[in-house]
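Novice: Before anything else, here's the structure in question.
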Amino acid sequence: MRLSRLEGLFHDTAGLRRLVVRDDPVVYRVEEPGSHERGAALGLAETTISPGAVAGEFFMTRGHMHELPRDEVYVGLAGAGVVLLYDGVRTAAHEIEPGIAVHIPAGCAHRTVNVGDAPLRFLAVYHRDSGANYEWVQERGMGARVVVGDGEPYRVVPDADGAAG
Ligand code: M6P
Ligand code: ZN
């Protein structure tokens, strides 16, 4: 997923466009080993998010809400990240790192953010019939943004409007 396809999700659209003009970096990749196994109820996806930021807002996935009430589990493989969960009212932020699992309850939109200076890799175990609603997040945001910290590794700041600035 190149940065140009994430326009509207980062707060600073002008800052995003400057990076896109320069080299349109790959923000993340998703590989789905065995995703076409016949009859499988569970799917596996491995996502790698590059280190980086747009005007101080760390690189992240698009984020989605499941179409059906389905939960999901992430397990950290490498690097340091934050998983944002948003039910439309409250945002929760869970750290993800190697060997740490994060449970995503049904009914929570989810987005993963790389807060480190190395690639963040994690495994997702999901119900193959979940479906992904990206418009839900595009319209509402995630209720919070993860930005470069002031003396801390990162800060989770409330996002009042959800939309790009
Ligand atoms: C995880 C899973 C995948 C998802 C990927 C990237 O691996 O949740 O289903 O595709 O993260 O997230 P998104 O689809 O929101 O860009
Ligand atoms: Zn999902």
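The values are calculated or read from the model by the stated rules, or taken from the named source; none is laboratory data. Values in this document were obtained by computation on a predicted structure and should not be read as measured data. Don't worry about glycine lacking a Cβ; one is built from the backbone with ideal geometry, like all the others, and counts go over all protein chains shown. Ligands, DNA and RNA are excluded from the accessible area calculation, which covers all protein heavy atoms including side chains. Shrake-Rupley method; radii C 1.70, N 1.55, O 1.52, S 1.80 Å.
Novice: Would you tally the residues in region 30-82 being open to solvent by less than 50 Å² (accessible area, probe 1.4 Å), among the hydrophobic types (A, V, I, L, M, F, W, C) and at positive phi?
Specialist: Qualifying residue count for the region: 0.
Novice: Among the listed residues 106, 118, 132, which satisfies the condition of being touching a strand residue (DSSP E or B) at 6+ places or on another chain (Cβ under 8 Å) and within 18 Å of residue 3 (Cα to Cα)?
Specialist: 118
Novice: Now, a different point. With the requirement that a residue be closer than 28 Å to residue 71 by Cα and in contact with a Lys or Arg (Cβ under 8 Å, 6 or more places away or on another chain), what does region 12-44 give you?
Specialist: Result: 26, 27, 35, 40, 41, 42, 43.
Novice: Looking at region 6-19, which of the residues that are outside any loop (DSSP other than H, G, I, E, B) and in contact with an Asp or Glu (Cβ under 8 Å, 6 or more places away or on another chain) is least open to solvent (accessible area, probe 1.4 Å)?
Specialist: Ranking the candidates gives 16 first.
Novice: Within the set of pairs 6 or more residues apart or between chains, which connect a residue that is over 18 Å from residue 120 (Cβ atoms) inside region 30-53 to a residue that is modelled with pLDDT of 95 or more and of a type in the set (Ser, Thr, Tyr) with Cβ atoms less than 9 Å apart?
Specialist: Sorted first by the residue in region 30-53, then by its partner, the pairs are 42/126; 43/126; 43/130.
Novice: Then there is this: Only residues that are touching a residue at least 60 places away in the same chain (Cβ under 8 Å), more than 10 Å from ligand 2 (Cβ to nearest atom) and surrounded by fewer than 16 Cβ atoms within 10 Å (Cβ to Cβ): list them for region 129-141, please.
Specialist: Within region 129-141, 129, 134 meet the criteria.
Novice: So, restricting to strands (runs of 3 or more DSSP E) that lie completely within region 46-165, which ones have at least 2 residues that are within 16 Å of ligand 1 (Cβ to nearest atom) and closer than 23 Å to residue 23 by Cβ?
Specialist: 109-114, 120-127
Novice: Would you call residue 88 at positive phi, more than 15 Å from ligand 2 (Cβ to nearest atom) and surrounded by 14 or more Cβ atoms within 10 Å (Cβ to Cβ)?
Specialist: So residue 88 fails the test.
Novice: Kindly list, by first and then second residue, each pair from a residue in region 8-24 that is among the aromatic types (Phe, Trp, Tyr) to a residue that is surrounded by 11 or more Cβ atoms within 10 Å (Cβ to Cβ), limited to pairs with Cβ atoms under 6 Å and residues at least 6 apart or on different chains.
Specialist: That search, which allows pairs on different chains as well, returns 10/16; 10/54; 10/57.
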